[in-house]
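To keep things clear, I will list the structure first and then write my remarks on it.
The numbers here are math on the coordinates, done by the rules we state, and not lab data. Note that the coordinates shown come from a computational prediction; the quantities given were computed from them, not determined experimentally. A quick note on method: Cβ atoms are made from the backbone with ideal geometry, for glycine too, and the neighbour counts reach across all protein chains shown.
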Amino acid sequence: MSSAPSTIKGINVTRLDIPLHVPFGIAGGVQAAANNVLVTVMLADGTRGLGEAAPLPAYNGETQQQAFDLLLAANDRVVGRDIRAWREIGTDFAMHPGPTCGSARCALETALLDAMCRHDRVPMWKFFGGAGTGLETDMTITTGTAGEARAGAAEIRQRGIRVIKVKIGGAEGIAADMARLRAIREAAPDAPLILDGNAGLTRDGATELVTALKAAGIAPALLEQWLPKDDLAGMSALARESGWAVAADESVRTVEDVARIADAGAAQIVNIKLMKAGIGAALDVAQAARARGLELMIGGNVESILGLTTSACFAAGLGGFRYADLDTQWFMAANPFAGGFSARGGMLSLAAITAGHGVDLGA
Ligand SMILES: [Mg+2]
């Protein structure tokens, strides 16, 4: 076994349960707390790296238990290797039997990269390309009533956040969504709106909602994944018939998915999330999307400042991201960490980070 300072000496895995102020509702279900997993990687020289897994059952079925078990079992394949092999270690990790668990791979790769960047005294945004240190995030109004949506929009404006993302496509139906969207428009008349269906709408429902939005004089900035993830023809028709930009989220996890989306003309923007398949895979997807002329968005699951800052480093460092949806720390009732990005309104800054993602366990 190597004894170089950059050798991985240990990996620690714990549950990271964080209560939310209000449940986080999307078309597929509601999350009442963030049930995440924290990974710590220790190097021979004492350097530590932290990573977060944020499985979101309502999004893709991954669970905290699954991520926890897989990461615990990874010990033998990680300890003793050099931290510079982070990408290979991540690929090896994904070879486990059973269902894939992108959030677990993301946690491991985040902890490895954080340890490597701290070892080298490099901020993670610089490691990813150094394009910039700033991003503008939206804030989300989750599924709920029109009254809640109105209050949410007013609060977002009060926070000085410009872009509003709205979760639509829940069980209450199109008329209920329209009542929420009218309420949001009244409270925030000039906010760019991203309408995220989380694959919960039918083609007929989508057509009905487009017609109603046009009748109400509401022009969204972006229609994010209204239709089922494999209905690429429907997505293409939605962009054509509405005249509005469509983003693919659930439809895109791999480079092959990017090619299918581009070939079908199913979206103009791809929502990249490190939790989908890990950081190495997200780098490949970003590269493939840009090569096919698709614009980029960075998003996440229900993540603490740890996961969110990693994603912000990825997007700001690579550059060229049109939209950022990195807001879930504002839904949490506690922050177990210190450091990470700073926020002024929706403007996130990584400029103060000196090494890694800069997030440490809090006091
Ligand atoms: Mg989405």
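Could you work out the relative contact order of the stretch 163-228? I mean the mean sequence separation of Cα pairs under 8 Å and 6+ apart, divided by the number of residues, in percent. Present the calculation step by step, with values, prior to reporting the outcome.
Details: 90 pairs, mean separation 27.8, N = 66.
Computed value for the stretch 163-228: 42 percent relative contact order.
Let me spell out the model: positive unit charges on the Cβ of Lys and Arg, negative unit charges on the Cβ of Asp and Glu, origin at the Cα centre of the stretch 8-121. What dipole size does that give, in debye rounded to 20?
Using Cβ point charges on Lys, Arg, Asp and Glu, the stretch 8-121 gives about 180 debye.
Mind listing the phi-derived Karplus ³J(HN,Hα) values for the stretch 48-58, rounded to whole Hz, using 6.51, -1.76 and 1.60 with θ = phi - 60°, and x for any glycine or proline?
With coefficients 6.51, -1.76 and 1.60, one gets 10, x, 10, x, 10, 9, 10, x, 10, x, 5 Hz.
For a footprinting-style exposure proxy, rank S251, S3, S103 by other Cβ within 10 Å, fewest first.
S3, S251, S103
Can you compute the label reach from R290? Point 7 Å from Cα along the Cβ direction, backbone N cut-off under 20 Å, restricted to the stretch 100-139.
Residues 123-137 qualify, since their backbone N sits under 20 Å from the label point.
Output needed for the chain: three equivalent-ellipsoid semi-axes, defined as square roots of 5 times the C-alpha gyration tensor eigenvalues, in descending order, whole Å.
35, 21, 18
In nm, to one decimal, how far is the modelled label at T145 from the one at T254, with both set 7 Å along Cα→Cβ?
Result for the modelled spin labels: 4.5 nm.
Among 63-70, 189-196, 108-115, 37-44, how do they line up by average Cβ neighbours within 10 Å per residue, starting with the highest?
108-115, 37-44, 63-70, 189-196
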